[in-house]
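Remarks on the structure that follows.
The values are calculated or read from the model by the stated rules, or taken from the named source; none is laboratory data. These numbers come from a predicted model, not from an experiment. Heads up, the Cβs are rebuilt from the backbone with ideal geometry, glycines too, and the neighbour counts pull from every protein chain shown.
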Amino acid sequence: MNKIGGAELSLNRVETVLGPYDCKEDDIWDAHLHLWCRPHPSVSNDPDLFLQNEIMAEKELKRFKEAGGSIVVDFTPIDYRRNPHVLINLSRATGVKIIMCTGFYRSPGPDYYLKDKDINTVKQQLVNEVKFGEEQTGARAAFYKWATSRDEITDTEYVTLNLITEAHKETKAPIATHCQRGRLAVTQVRLLKEKGVSPENILIGHLDMIPDLTLDMLLEVLNTGVNIAFDQLGKPKYGLDFHKIELIKQLYELGFGDKILCGTDIGRFSCFEESGGIPGYAHIPKKFKEELAAAGFSNEQILTLLAINPAKFYRTRTESNIEPQPQF
Ligand SMILES: [Zn+2]
């Protein structure tokens with residue numbers, strides 16, 4: 001049991017935008033997607049990346065729920081124009097539990113966001129959003145996002161590394177990364193560890209964007225003790241689920257089954273089923289779960305991947321003076 005805010009909490013408690021929630025062992029997660037975002041023009045002007053349609057997001061999220069999904073993790077950080085107010089509305093409208101992040105995207109996103117900000121104020125914001133909630137809505141962030149560029153880590157990304165790891169020291173909230181095209185994963189792990197972050201609190205993302213991904217590449221990262229995400233599921237341009245499932249199977253056999261999280265990283269309208277695209281928010285409960293079963297995964301193994309592992313990684317670790325009232 002965790003002691004948080006004076007109350008005994010179970011280890012499967014997560015902070016959602018509507019308050020704390022005790023995860024069930026059959027809650028199916030999509031552990032990485034985007035519900036609402038608007039990248040800074042310096043990052044992209046592609047209108048497909050501007051998710052600003054609450055009605056469409058609600059319909060898409062209802063498809064996730066109808067397919068058997070329970071919890072989604074919104075990976076939209078501050079500088080990618082996260083919208084906590086919309087996340088709250090969507091959770092209330094659909095009954096889907098939504099986990100919110102705080103932190104930053106890769107350069108040049110944070111360069112523009114931070115350029116006229118006081119760095120200590122931003123650090124305090126990162127602490128407060130986990131401990132007490134986002135300023136406008138009170139929605140609490142459950143984790144930090146740290147992102148790096150494809151081939152090098154920019155000066156600003158070192159600044160965000162410092163900000164996030166300093167805030168992590170105070171809140172203990174886990175850190176999940178955007179590893180551009182799956183590159184620099186080992187460097188990300190090294191830098192986070194050098195800042196004192198223990199591997200169980202690290203999730204390295206986007207490894208399955210690597211073309212011709214191999215078991216050895218995954219093992220190099222997993223042997224450091226961190227968690228990894230297969231977070232491009234259902235997107236043929238980043239490889240077929242079929243091949244990823246084969247790799248997951250081999251990782252299971254090698255004893256890494258409890259270190260893998262799964263997501264779709266949907267962040268484009270063209271990936272919504274509502275707009276005629278694939279894979280849609282419902283992909284994991286509707287299709288990927290069945291694909292795992294067809295590949296010989298037991299029900300227990302499927303729930304480990306899709307329910308237990310994300311609940312364990314995103315669990316609340318923060319001591320807070322405020323004990324929020326669950327709204328479920
Ligand atoms: Zn993402």
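What the table shows:
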| quantity | calculated |
| --- | --- |
| Selected residue (criterion: modelled with the lowest pLDDT) from residues of segment 22-37 that are away from the ligand (no atom under 14 Å from the Cβ) and assigned to a loop (DSSP other than H, G, I, E, B) | Glu25 |
| Residue tally, condition over 30 Å from Pro20 (Cα atoms) and of a type in the set (A, V, I, L, M), over segment 115-154 | 1 |
| Leu233 surrounded by 21 or more Cβ atoms within 10 Å (Cβ to Cβ), more than 13 Å from the chain's Cα centre (by Cα), within 16 Å of the ligand (Cβ to nearest atom) and not basic (Lys, Arg) | yes |
| Candidate set from segment 249-258 (those that are assigned to a helix (DSSP H, G or I) and closer than 17 Å to Thr214 by Cβ); member that is nearest to the ligand (Cβ to nearest atom) | Leu251 |
| Residue check, Val14 hydrophobic (A, V, I, L, M, F, W, C) and in contact with a Lys or Arg (Cβ under 9 Å, 6 or more places away or on another chain) | yes |
| Single unsatisfied condition, Asp212 versus (1) surrounded by fewer than 20 Cβ atoms within 10 Å (Cβ to Cβ); (2) part of a helix (DSSP H, G or I) | (2) |
